[in-house]
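Asks: Shown below is the structure under consideration.
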Amino acid sequence: MIYIYVGTETGTAEYVADELIDVLNEHDLAHQLVENDELPDVNNGDIWLFCTSTHGAGEVPNNLKPIYNMLLSKDSLEGLKHLVIGLGDSSYDTFCHAAKAIHTTLINKGSASVSEPILADAMSDELPEDLIIPQFNALISDLS
Ligand SMILES: Cc1cc2nc3c(=O)[nH]c(=O)nc-3n(C[C@H](O)[C@H](O)[C@H](O)COP(=O)(O)O)c2cc1C
C-alpha cells in the first residue's frame, strides 16, 4: 500500500499530489491519502510518499507538523520504503528543507528510500508538476 502525505500552505503541493494520484491510478497502484494526524502501522513493503512544500524559515507546513513530530518520535521504520517530493524556492537559503528533513528522518529510522527526494524549484520557468511528474513516472516500477 502506498500512503500519501501532503504538506501545503497555499495548495500547490496538494495540486501536485492530485497529479501523483492520477499517475498511481493509471498504474493500478493501491494508495491511500492520509488525511488525519495518525501514522498508519508499518507493514512490510508499504511505501510512504510525501509531497510537501517548505514554509517559514525552512519549516514543515503547519498541516503536516503533527505527522512530522510523530515521525521524529518513532523508534523504527524498518520494512518501510519512502519517496519524498519537495516544492520550494531556491531564493531561500532553506531550499526544500522540509522535504529534506522528512527524507533524513525516514532514513535515520531505517526506511529505505526509493530515490533521493524529487525537488521542484519555484524559481524555475517550469510548473512544479512539469518538473515532478516525469521524474515520478521514471520511478513508477520501484513503487509496485
Ligand atoms: C512565507 C513563505 C515562506 C517560504 N519559505 C520557504 C523556504 O524556507 N524554503 C523553500 O524552499 N521555499 C519556501 N517558500 C516557497 C514555497 O515552498 C513554494 O512557493 C511552494 O511552491 C509553496 O507550496 P504550497 O502552496 O503547497 O505551500 C516559502 C514561501 C512563502 C510564501
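None of the figures in this text is laboratory data; all of them are computed from the coordinates on show. Everything numeric here is computed off the predicted structure, so don't read it as measured data. Note that we place each Cβ from the backbone using ideal geometry, even for glycine, and neighbour counts take in every protein chain shown.
Asks: Which percentage, to the nearest 5, of the DSSP beta bridges contained in the range 2-143 is antiparallel?
Replies: Values: 1 of 23 bridges.
That works out to approximately 5 percent antiparallel.
Asks: Still on this model: How many angstrom separate the Cα center of the range 42-120 from the Cα center of the range 15-38?
Replies: 16 Å
Asks: Under the definition of Cα pairs under 8 Å and six or more residues apart, what whole-number percent is the relative contact order of the range 1-106?
Replies: For the range 1-106, the relative contact order is 32 percent.
Asks: State, to one decimal in nm, how far the label point of Ser124 lies from the label point of Thr94, with both points 7 Å from Cα in the Cβ direction.
Replies: Result for the modelled spin labels: 2.2 nm.
Asks: I would also like to ask the following. Taking amide H positions as placed 1.01 Å from N in the peptide plane, with prolines and chain starts having none, which residues 5 or more places from Leu87, or on another chain, fall under 5 Å of its amide H?
Replies: Thr52, Ser53, Thr54, Ala120
Asks: Using 7 Å Cα-to-Cβ label points, what is the Val114/Glu19 separation (nm, one decimal)?
Replies: 1.6 nm
Asks: Per residue of the range 83-90, what does 6.51 cos²θ - 1.76 cosθ + 1.60 with θ = phi - 60° give for ³J(HN,Hα)? Whole Hz please, x for Gly and Pro, Karplus curve as stated.
Replies: Listing the rounded values in order: 9, 10, 10, x, 10, x, 9, 6 Hz.
Asks: Now, a different point. Fully extended, how many nm does the chain gain between Gln32 and Asn137 (0.36 nm per residue separation, minus their Cα-Cα distance)? Spell out each step's value before the answer.
Replies: Details: separation 105, 0.36 × 105 = 37.80 nm, distance 1.83 nm.
Gain on stretching Gln32 to Asn137: 36.0 nm.
Asks: Give me, ordered by chain and number, the residues 5 or more places off His31 or on other chains with an amide H under 5 Å from its own placed amide H.
Replies: When sequence neighbours closer than 5 places are left aside, the close amide H contacts are Ile2.
Asks: Would you compute the Debye intensity of the range 1-42 from its alpha-carbon atoms alone, equal scatterers and no solvent, and pass along log10 I(q)/I(0) at q = 0.14, 0.18, 0.22, 0.28 Å⁻¹ to two decimals?
Replies: Values returned for q = 0.14, 0.18, 0.22, 0.28 Å⁻¹ are -0.34, -0.55, -0.77, -1.04.
Asks: Taking +1 at the Cβ of each Lys and Arg and -1 at the Cβ of each Asp and Glu, which of Thr105, Val60, Ile118 sits farthest along the dipole of the range 2-143 towards its positive end, judged by Cα position relative to the Cα centre?
Replies: Of the candidates, Thr105 comes out farthest on the positive side.
Asks: From the phi of every residue in the range 133-140, what ³J(HN,Hα) in whole Hz does the Karplus formula 6.51 cos²θ - 1.76 cosθ + 1.60 yield, where θ is phi - 60° and glycine or proline is x?
Replies: 4, x, 5, 5, 4, 5, 9, 4
Asks: How large is Rg over Rh for the chain, taking Rg from the Cα atoms and Rh as the Kirkwood inverse mean of 1/r across Cα pairs?
Replies: Values: Rg = 13.9 Å, Rh = 15.0 Å.
Rounded to two decimals, Rg/Rh equals 0.93.
Asks: Write down the Kirkwood hydrodynamic radius of the range 65-125, to one decimal in angstroms, obtained as one divided by the mean of 1/r over all alpha carbon pairs. Before the final figure, lay out each step's value.
Replies: On the way: mean 1/r = 0.0815 Å⁻¹.
12.3 Å is the Kirkwood radius here.
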